[in-house]
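What follows is a short report on a single structure.
The values are calculated or read from the model by the stated rules, or taken from the named source; none is laboratory data. Bear in mind that the values here come from a model prediction, so they are computed numbers and not experimental data. Cβ: placed from backbone, ideal geometry, glycine included. Neighbour counts: every protein chain shown. These accessible areas exclude ligands, DNA and RNA; they are computed on the full protein's heavy atoms, side chains included. Shrake-Rupley method; radii C 1.70, N 1.55, O 1.52, S 1.80 Å.
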Amino acid sequence: MSYDESNIFARIIRGEIPCDKVYEDDHVLAFRDINPQTPTHVLVVPKGAYVSFADFSQKARPEEIAAFVRAAGKIASEAGLDEPGYRILANHGPDAHQEVPHFHLHLFGGKDLGRMIKPADK
Ligand code: DGP
């Protein structure tokens with residue numbers, strides 16, 4: 001899939017649409033999800049034009065990958081989630097119901113998140 005420059009996260013990164021920003025550096029922007037699923041629900045987004053995890057993992061430069069991983073850890077720590085715990089998740093493609101075609105991590109926390117996948121759903 002080619003990158004769609006008009007996707008909603010591209011527009012947020014360009015400053016065309018507002019967001020509730022929690023972190024920014026040269027390579028990363030993080031902001032609160034518009035429809036939070038948990039008390040803390042932050043989207044960690046690389047500024048580069050990557051459609052999904054597959055695209056990011058194959059094409060991002062080492063400094064972009066390092067900045068992204070470091071930022072995700074820092075955001076979780078600064079949200080006070082290291083001790084109680086948190087979950088990070090990335091949806092890639094149709095089976096995962098990826099809605100926005102710009103790679104992002106979801107950071108969930110602030111409550112007991114339960115098991116990742118219910119045994120009955122396997
Ligand atoms: P995913 O299914 O992994 O692509 O999740 C996309 C998430 O993006 C979903 O949890 C809702 C969130 N989202 C969609 N549009 C906006 C927006 O305009 N602003 C913010 N802050 N979040 C959005």
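Remarks
- Sorting 69-82, 102-115 by their mean Cβ neighbour count within 10 Å, with the most densely packed peptide first, gives 102-115, 69-82.
- Relative contact order of the chain: 30 percent, from C-alpha pairs under 8 Å at least 6 residues apart in sequence.
- Surface share of carbon and sulfur [accessible, 1.4 angstrom probe, percent] for the stretch 3-53: 49
- Helix 62-78 and the longest principal axis of the Cα set of the chain meet at an angle near 40°.
- Whole-Å distance, taken between Cα centres, linking the stretch 1-39 and the stretch 66-122: 15
- Counting protein heavy atoms only, the stretch 63-122 has 53 percent of its accessible area on carbon and sulfur, 1.4 angstrom probe.
- The dipole here belongs to the chain: it is taken about the Cα centre, uses +1 on the Cβ of Lys and Arg and -1 on the Cβ of Asp and Glu, and is about 240 debye.
- In this entry, the stretch 6-85 is assigned a mean projected area of 5.7 nm², taken as a quarter of its C-alpha convex hull surface.
- Once the 1.4 Å probe is applied to the protein heavy atoms, the chain comes out at 63 Å² accessible per residue.
- Packing around the peptides 49-61, 85-97, taken as the average count of other Cβ atoms within 10 Å per residue, puts them in this order, highest first: 49-61, 85-97.
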